[in-house]
Amino acid sequence: MTQRYCFVLSRPVGASLEAFSQALLGPTAKALERFRPLSLSIDVALPPDSGAALNAKREGDGAILSGLVSATLAERGDALAMMGVLDPTGKYVDGYAVSQDIPRDYERTWELGTPSPGVRQVTFLRPKPGLAQADFMEHWHGKHGPLALEIHPIWRYDRNAVLNGLTEHTPSLAGIVALHFRELADATDPKRLYGGDDANMGRIYEDVRSFLDMSTLRVMLMREHVLITEG
């Protein structure tokens, strides 16, 4: 039975984002093909001057959130081996088995391997302290998702509920969500992001703080590269 995995990549403080991106999209991406993934996509962080990050530093060592690799694989062992390819040291990669759903999808008209148009706002979620997992999932899917689709100009809504971490040292996460926007300004211009209504900003903020741990929220704008698709 196949399983979808998400691998969260960070880079050490002071390391070049450009060098990180070139390596990930070049030789590392090529090396991942030997696992014969049924699907494979790579997101790389936009430069800091794009206004891309919110709490991008990792807890503990300050490593900077820089990439997300998503793959559908036949074996859990392949996922663990893929982590070793993504970072042989094991220090800057965290792997998760996830369950994905797509409440809104785009129609891909561009070639595989080329950068997807627009940007993805990738967010890593943890429940508000004291909130039960079932209540978190119900709010995320039943209330927050529809509200986000109502207010934001979302082109594609990629929602991944975390099932488990791949190692005993993997930091806990409840969800990984990517809101794909057609243009950078859709994500960075508040007027466009909130549908031209200042009241919508308050609606989103109040909803988010009601079910998420705001102190651990990590957000980064990334560029998507779809390399392999199922079917």
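For region 156-231, the helices (runs of 4 or more DSSP H) that sit wholly inside it and include 1 or more residues that are out of contact with any Asp or Glu (no Cβ under 9 Å at 6 or more places or on another chain) and farther than 22 Å from Val44 by Cα are 198-211. Residues that are touching a strand residue (DSSP E or B) at 6+ places or on another chain (Cβ under 8 Å) and open to solvent by 20 Å² or more (accessible area, probe 1.4 Å) within region 136-145 comprise Met137, His141, listed in sequence order.
For the residues Tyr96, Tyr106, the requirement of being open to solvent by less than 50 Å² (accessible area, probe 1.4 Å), farther than 19 Å from Ser16 by Cα and within 13 Å of the chain's Cα centre (by Cα) singles out Tyr96. When each of Thr188, Thr109 is tested for being modelled with pLDDT under 95, farther than 23 Å from Ser210 by Cβ and not acidic (Asp, Glu), the lone residue that passes is Thr188. Sub-7 Å Cβ pairs linking a first residue in region 164-189 that is open to solvent by 30 Å² or more (accessible area, probe 1.4 Å) to a second residue that is of a type in the set (Lys, Arg) and in a loop (DSSP other than H, G, I, E, B), at least 6 apart or interchain, are Ser172/Arg126; Leu173/Arg126, ordered by first then second residue. Condition (residue is part of a loop (DSSP other than H, G, I, E, B) and farther than 14 Å from Val177 by Cα) applied to region 93-101: is it met by at least one residue? The answer is no, given that none of the residues of region 93-101 is part of a loop (DSSP other than H, G, I, E, B) and farther than 14 Å from Val177 by Cα.
Quick one: would you say Gly118 is of a type outside the set (D, E, K, R), at pLDDT 95 or above, closer than 18 Å to Phe7 by Cβ and surrounded by 13 or more Cβ atoms within 10 Å (Cβ to Cβ)? No.
Can you pull out the residues in region 1-28 that are in contact (Cβ under 8 Å) with a residue 60 or more places away in the chain and farther than 17 Å from Ala71 by Cβ? Ser10, Arg11, Pro12 - these are the residues of region 1-28 that are in contact (Cβ under 8 Å) with a residue 60 or more places away in the chain and farther than 17 Å from Ala71 by Cβ.
Residues being farther than 15 Å from Ile228 by Cβ, part of a strand (DSSP E or B) and either at pLDDT 95 or above or open to solvent by less than 40 Å² (accessible area, probe 1.4 Å) (or both) are entirely absent from region 46-59.
The values are calculated or read from the model by the stated rules, or taken from the named source; none is laboratory data. Model, not experiment: these values are computed from the prediction. As a convention, Cβ positions derive from the backbone with ideal geometry for all residues, glycine included, and neighbour counts pool all protein chains shown. These accessible areas exclude ligands, DNA and RNA; they are computed on the full protein's heavy atoms, side chains included. Shrake-Rupley method; radii C 1.70, N 1.55, O 1.52, S 1.80 Å.
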